[in-house]
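Here's the structure, in structure tokens; my notes come after.
The values are calculated or read from the model by the stated rules, or taken from the named source; none is laboratory data. What you see is a predicted model; the values in this text were computed from it and never measured. Neighbour counts run over all protein chains shown; Cβ positions are idealised from the backbone, glycine included. Heavy atoms of the whole protein, side chains included, go into the accessibility calculation; ligands, DNA and RNA do not. Shrake-Rupley method; radii C 1.70, N 1.55, O 1.52, S 1.80 Å.
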Amino acid sequence: MAHILHLDSSPRGERSHSRTFSHDFMTAWQAAHPGDTVTYRDLGHAPVPHVSEAWVGGSFLPSEAQTPEMQAAIQISDDLITEFLAADRYVFGVPMYNLNIPSTLKAYIDQIVRVGKTFGVGEQGYQPLVHGKKMLVLSSRGGPIPVNSPYDFEEPYLRAIFGFMGVVDMTFIHAINVNGGDAARIEALAHAEAAIKATVASW
């Protein structure tokens with residue numbers, strides 16, 4: 001049995017393709033794996049705070065030296081990191097915004113990437129502290145931006161930042177050019193749904 005952290009980052013509701021993909025995957029996954037447990041976090045509708053001056057100050061001080069404002073800021077980060085590390089697998093719904101990820105997801109990432117918690121620094125440089133996890137990213141792109149094209153800062157960034165922490169077993173499913181007209185949208189959605197079915201069987 002596994003524990004899954006399911007996260008959506010789109011501010012849209014039912015019209016969100018990335019939400020639809022992540023929920024379709026989780027529905028099929030839970031039907032096939034009823035013993036797994038799930039924690040759901042909706043960054044699009046309940047965003048976490050951006051890193052603040054109090055957060056930065058508190059992250060470099062022991063708890064007894066932190067001000068109440070610092071303690072409150074760091075507690076949010078601590079709780080998110082605890083939730084992140086408690087999961088065995090991650091399922092993220094991520095639309096592409098302006099060639100990259102939504103700011104809601106970037107704020108979340110900034111909260112969980114912390115020295116001594118999810119990465120370390122040693123004689124050999126940076127050291128990942130998160131091991132044995134798997135991640136599935138379900139992405140929607142309004143325009144015709146191929147994976148790893150010069151305009152794709154979404155997948156390379158997510159691979160880099162989560163790999164920095166040690167999450168290197170990552171699978172991506174993209175629906176590309178969903179705003180390119182009816183034919184392009186139908187093709188993109190069909191491709192994504194077929195990939196979701198295949199991933200449920202193999203992930």
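Structural remarks
- Amide H contacts of residue 127 (H built 1.01 Å from N, in plane; Pro and chain starts excluded): 120, 121, 122 sit under 5 Å, all sequence-distant by 5 or more or on other chains.
- The chain, dipole about Cα centre (Lys/Arg Cβ +1, Asp/Glu Cβ -1), debye to the nearest 20: 340
- Under conditions of 25 °C and 0.890 mPa s, the range 48-203 yields 142 µm² s⁻¹ as its translational diffusion coefficient, taking Rh as the Kirkwood radius over Cα pairs in the Stokes-Einstein equation.
- Each part reduced to its alpha carbon centroid, the range 137-203 and the range 37-94 end up 26 Å apart.
- Ranked order, 45, 174 - accessible area, probe 1.4 Å, largest first: 45, 174
- Of the GluC sites (Glu not before Pro) found in the range 1-101, the ones in coil according to DSSP and having at most 11 other Cβ atoms within 10 Å of their Cβ are 14.
- Radius 13 Å from Cβ of residue 117, net charge of other residues (Lys, Arg +1; Asp, Glu -1): -3
- All other residues whose Cβ lies under 12 angstrom from that of residue 148 are scored, Lys and Arg at +1 and Asp and Glu at -1, for a net of -2.
- Residue 40 versus residue 160: modelled label distance in nm, points set 7 Å from Cα along the beta carbon direction: 3.3
- Loop sites in the range 1-98: chymotrypsin sites (Phe, Trp or Tyr not before Pro), DSSP, at most 11 other Cβ within 10 Å: 60
- Spacing of the modelled spin labels on residue 107 and residue 171, each 7 Å from Cα toward Cβ, amounts to 3.1 nm.
- Cα gyration tensor shape for the range 1-94, rounded if a/c is under 1.5, else prolate or oblate: oblate
- Probe 1.4 Å, all protein chains present, accessible-area order of 33, 17, largest first: 33, 17
- FRET efficiency, 1/(1 + (r/R0)^6) with R0 22 Å, evaluated for residue 201 and residue 1 via beta carbons: 0.75
- For the residues 27, 67, 104, a 1.4 Å probe over the protein chains yields an accessible-area ranking, largest first, of 27, 67, 104.
- Rounded to the nearest 20 debye, the dipole magnitude of the range 100-203 is 300 debye, with +1 charges on Lys and Arg beta carbons, -1 on Asp and Glu beta carbons, and the Cα centre as origin.
- In the assembled protein chains, residue 41 presents an accessible area of approximately 60 Å² (probe radius 1.4 Å).
- Distant-in-sequence amide H partners of residue 91 (H built 1.01 Å from N, under 5 Å): 5, 6, 7, 136
- Relative contact order [Cα under 8 Å, 6+ residues apart], the chain, whole percent: 22
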